[in-house]
Every structure is written in C-alpha cells, then in structure tokens.
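Peer 1: The structure's right below; bear with me while I get my questions together.
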Amino acid sequence: MTSVMPTYGRVDISFEVGKGSYLFTSDGDRYLDFTSGIAVTGLGHAHPHLVKTLTEQARQLWHTSNLYVIPEQERLADRLCANSFAELVFFCNSGAEAMEGVIKTARKYQSHVGKPDRYRIIVFSGAFHGRTLATISASDSPKGQEGFGPMTEGFDRVPFGDAEAVRAAVTSETAAILVEPVQGESGIFPSENGFLRELRKIADSEGLLLLFDEVQCGVGRTGDLFGHTASGVKPDVMGLAKGLGGGFPIGAVMATNRSAAGMGPGTHGCTFGGNPIAAACANAVLDILLADGFLDQISVSGHQLRIAVDEVAADFPSILVSVRSKGLMIGMKCGPSNIELVDELRRQKVLTVPAGDNVVRFLPPLNIEKKQINEAQDALAKACKELA
Ligand SMILES: *Cc1c(COP(=O)(O)O)cnc(C)c1O
C-alpha cells in the first residue's frame, strides 16, 4: 500500500538511472524514453552540461528568495527576452503557475488601462492549461473540473481553430484570448498559422491581449525556440515551463512592457520562483538550445521521425489511423485503445505518453539521433503487428 495520494493512474514500473535517451530499471532493463517526462527532459537524462551546472550551483548557493536580486535569474530573463517578443519575465515553478500568471497579467492589464470590467478570457475546446482552480476552469476537461466547483468565473469557450466563433464571443467584458499554438494534452493539434493571425487581428481591433500557452510546445519542441515562431504571430503574454529547466522545475510568464504595465511591486510573487538553482539549469538548457544549428537539427529529426511513423502507419492503417505532428511533438491516433498501444510499446521497451482523441504521443529528447529514430520505428512496427 502506498501513502501517495492516488491521483495518478500510474504504471507499476520505476527507474533507477537515466542516461541520454534511455531509462534503466534497477534490474538493468533499458527503455527508450520517448516521453521526456512529458516534454520536460528535452536534452535527455544526465546531460553533462546540465549535471555540471546543477552541481556547481548546488555547491555555491541554492536559494535566497526574491527579496534579493538573483543574477542567474536576471541573465535568464535577458536571454529569453533577447530571443522572443517579450520584454519582461516573471518566474515560477510549474506550468499551471505560469498560466495563472498569464491570466492574472491579462486581467491586471485591463484594470490598469481603466477597463476593470474586462476580465473574461476566450478559451478553446480541447484546451489544457493546468490543475489550479483558475487553470482547470480555463481547460476543457470535465473530469478535471468535476467535484472541484464552483469554477473560476470568466472563461468563454469556443471551438478550437474557429476565428469567427472567437469574433462572435467578444463582448465588452472580454480581456483576452488564450490559446496553445500546438494543443498537446488533447492529442497534438497544431494551430493553423492563419488562425493565429486572425486571433492577433481580433485582439488588436478589440483591445484584447493575445495569450499563448507554450508550456508544452515551447523551448525547442517544435523545431523553433517557440511553438508560435513559424507563424510570425506574436503574443502579448506567454507561459512556459516543462522543457525550460531540462528536468529542474521552473516556469515563466513572458510579457511585453505594455501588457505587464500593471504588474508592479507587490502585485504578484512566488517564493521559489527563478531561484539560483532553477535559473542556472534553465540557462544551461538555453546554452545548448541557442547554440548554432541545434534548433535546425530538431526540425531534421522531427521530419525523420515523422517519415518513420508514417511508414509504419501505411503498413498498419487500422492501428495508426492518422498522424499529426510539429517538430518533435508527434501524435498517432489509434484504431484500438491508445492505452493498449502505450502498453505494447512499453513491452517493446519504448516509453510513450497517451493523450486525448485516442492518441499516443512521441515526445523524444530534442537531441535524439537517427539510431533512436530507427529503434522507435522498429518497436512501433512490432507493437502494431502485435495489436493487428
Ligand atoms: C503540462 C501543461 C500545463 C501544466 O503544467 P504543470 O507543470 O503540470 O502545472 C499547462 N499547459 C499546457 C499546455 C501543458 O501541456
């Protein structure tokens, strides 16, 4: 009997050691990790640069709180801004906290510019934004909401991808539009570039802020530094987390000066947010992500993995019904239950993540090599054969 609250449907397996793209059990069984801890360990396990940074920082200083200036945090904020639309960054510890900060920043902006009645946020079908009270209210998950009511007021849901529905939903109380450039939990649904452009137009013409949730699709996952980069559309405020610390917990709210104008001293805070260890780890992740050619290599690997998956899908069309992807976020819609495929892949020693829409996700490390792509393809073909 475990004393851990049973909120997870866990698989009864645990790992002792991680190295690169692989996880090892105490029995020495080796698994190819195509979960990356749900898009977190983007550089694989025990990356030498991350291990070195973390251990050096651990000897130096762990935590001082945000009572004082944290140089590593300043440097991280500068680098995130230099490589994005943002001019200011707030640090926290998780994706849900980042999205809380995004929502609060949007409400505060409207209040700051003299429109306190504008507090409602347009959100989408299939959305996932986290597990706090506000973020379950923003998410489209009846199971995540059930029994936790009343929900936080002020979220208006419209169909994902439908710009006309957004336009129709705007009222004098609307503050912002919140969207994932690639929906992850609902089953890997990339936003069309044209849809994001329309959202930007609506936000600009109606005096709304455009908010992006890049907790899953940000930090290199799509082959660009951010999931929205290729669209050319810039948000006003954006949340990051998962991959940002390479496995060390850290989240970020990135914003323009204009949209964060109300976020002065005392308005928001987080005890652990951006502490020296977390900020050092995220800086180490950026060292690698921003190095020449690294992001290009993600696109190449994403393309290779997509072709590999498409080949298997062509051989087993009743098992892999359709495939959607952007960079190294790959979703395979299954004929049988997605859990059956996840279980069979695990028997073939490949770890994957289920998602909505009966999808199995491949979220491999961003630095995978052709060898691991081939290994995953073989395992996928074997698993499909087992299930066929
Ligand atoms: C995982 C996720 C979150 C929540 O992140 P946590 O760190 O689990 O709180 C929010 N938004 C998206 C898009 C996510 O994928």
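The values are calculated or read from the model by the stated rules, or taken from the named source; none is laboratory data. None of these values were measured; they are calculated from a predicted model. Methodologically, a virtual Cβ is constructed for each residue, glycine included, from the backbone with ideal geometry; neighbour enumeration extends over all protein chains shown. Side chains included, ligands, DNA and RNA excluded: accessible areas come from the protein's heavy atoms. Shrake-Rupley method; radii C 1.70, N 1.55, O 1.52, S 1.80 Å.
Peer 1: So what does Tyr8 come to for accessible area, using a 1.4 Å probe and Å² rounded to 10?
Peer 2: Result for Tyr8: roughly 150 Å² accessible.
Peer 1: In what sequence, largest accessible area first, do Ser205, Ser21 appear using a 1.4 Å probe?
Peer 2: Ser205, Ser21
Peer 1: How do Asp12, Asp236, Asp162, Asp27 rank by accessible surface area computed with a 1.4 Å probe, from largest to smallest?
Peer 2: Sorted descending by solvent-accessible area, the residues read Asp12, Asp27, Asp162, Asp236.
Peer 1: If I take R0 = 35 Å and measure r between the Cβ atoms of Glu311 and Lys143 in this structure, what FRET efficiency does the formula 1/(1 + (r/R0)^6) give, to the nearest 0.05?
Peer 2: Efficiency for this residue pair is about 0.50.
Peer 1: Mind telling me which of Ala165, Ala282, Ala175 comes out most flexible in a GNM of the chain, alpha-carbon contacts under 10 Å?
Peer 2: Taking springs between Cα atoms under 10 Å, the residue moving most is Ala165.
Peer 1: Under the definition of Cα pairs under 8 Å and six or more residues apart, what whole-number percent is the relative contact order of the chain?
Peer 2: Result for the chain is 22 percent.
Peer 1: Next up: Regarding the range 74-134, what are the three Cα extents along the principal axes, ordered largest first, in Å?
Peer 2: Projected onto its principal axes, the Cα set of the range 74-134 covers 35, 31, 18 Å.
Peer 1: Next question, about the same structure. For every other residue with a beta carbon closer than 14 angstrom to the beta carbon of Ser139, add +1 if it is Lys or Arg and -1 if Asp or Glu, then tell me the sum.
Peer 2: -4
Peer 1: Based on the Cβ-Cβ distance of Arg79 and Val321, what FRET efficiency does E = 1/(1 + (r/R0)^6) give at R0 = 35 Å, to the nearest 0.05?
Peer 2: With a Förster radius of 35 Å, E is 0.25.
Peer 1: Then there is this: With Cβ to Cβ distances under 14 Å as the rule, what net charge do the other residues near Ser172 carry (K, R +1; D, E -1)?
Peer 2: -1
Peer 1: Filter the chain for me: DSSP H helices, axial length by Cα at least 30 angstrom, mean Kyte-Doolittle hydropathy not below -1.0. List them by residue number.
Peer 2: What comes out of the filter, once short or polar helices are dropped, is 294-315.
Peer 1: Right, another one. Rank-order 141-151, 265-275 by packing density, defined as the average count of other C-beta atoms within 10 Å over each peptide's residues, highest first.
Peer 2: The densest-packed peptide leads the list: 265-275, 141-151.
Peer 1: Order Arg167, Arg120 by their accessible area, 1.4 angstrom probe, all chains in place, largest first.
Peer 2: Greatest to least solvent exposure: Arg167, Arg120.
Peer 1: Something else: Tell me, what is the percent relative contact order of the range 270-333, built from C-alpha pairs under 8 Å that lie six or more residues apart?
Peer 2: With pairs under 8 Å counted, the relative contact order is 24 percent.
Peer 1: Further, regarding this structure: What figure, in Å² to the nearest 10, do you get for the accessible area of Val17 with a 1.4 Å probe and non-protein molecules left out?
Peer 2: Roughly 70 Å² of Val17 is accessible to a 1.4 Å probe.
Peer 1: At a probe radius of 1.4 Å, what is the per-residue accessible area of Val182, in Å² to the nearest 10?
Peer 2: 0
Peer 1: Still on this structure, please answer the following. What Kirkwood Rh does the range 189-314 have if only Cα atoms enter the pairwise 1/r average? Answer in Å.
Peer 2: That comes to 16.6 Å for the range 189-314.
Peer 1: Hey, got the Cα dimensions of the chain along the principal axes, in Å, largest first?
Peer 2: 61, 52, 48
Peer 1: Report the full-extension gain for the segment Arg347 to Lys385: residue separation times 0.36 nm, less the Cα-Cα distance, to one decimal in nm.
Peer 2: 12.4 nm
Peer 1: With Cβ to Cβ distances under 12 Å as the rule, what net charge do the other residues near Gly44 carry (K, R +1; D, E -1)? Numbers along the way, then the final one.
Peer 2: Numbers: positive: Lys19; negative: Asp33, Glu369.
Cβ neighbours under 12 Å give a net charge of -1.
Peer 1: Could you tell me which of Ala291, Pro276, Ala313 has its Cα farthest along the dipole of the range 249-364 towards the positive end, charges placed at Cβ (Lys, Arg +1; Asp, Glu -1), taken about the Cα centre?
Peer 2: The residue sitting most towards the positive pole is Pro276.
Peer 1: A follow-up question, please. Hand me the trypsin sites (Lys or Arg not before Pro) from the range 322-388 located in a DSSP loop with no more than 16 other Cβ atoms within 10 Å, in residue order please.
Peer 2: Answer by residue number: Lys349.
Peer 1: Going by Cα centres, the range 354-383 and the range 282-326 are how many Å apart?
Peer 2: If you average the Cα positions of each part, the centres end up 9 Å apart.
Peer 1: Which whole-number percent gives the relative contact order of the range 53-196, counting Cα pairs below 8 Å spaced six or more residues apart?
Peer 2: Over the range 53-196, the number comes to 21 percent.
Peer 1: Accessible area per residue of the chain at 1.4 Å probe, in Å²?
Peer 2: Spelled out: the 1.4 Å probe surface of the chain, per residue, equals 44 Å².
Peer 1: Calculate the FRET efficiency for Asp117 and Ala165 from the Cβ-Cβ distance with a Förster distance of 22 Å, rounded to the nearest 0.05. Working shown, then result.
Peer 2: On the way: r = 22 Å, r/R0 = 1.01.
My answer for the efficiency is 0.50.
Peer 1: Let me ask something else. What pairs in Lys333/Lys370; Lys19/Lys382; Lys52/Lys104; Lys52/Lys382; Lys104/Lys349; Lys115/Lys333 have C-alpha atoms more than 32 Å from each other? Don't skip to the answer; put the middle values down first.
Peer 2: Numbers: Lys333/Lys370 23 Å; Lys19/Lys382 24 Å; Lys52/Lys104 36 Å; Lys52/Lys382 38 Å; Lys104/Lys349 43 Å; Lys115/Lys333 44 Å.
Over 32 Å Cα-Cα: Lys52/Lys104; Lys52/Lys382; Lys104/Lys349; Lys115/Lys333.
Peer 1: Fully extended, how many nm does the chain gain between Phe294 and Glu206 (0.36 nm per residue separation, minus their Cα-Cα distance)?
Peer 2: 27.8 nm
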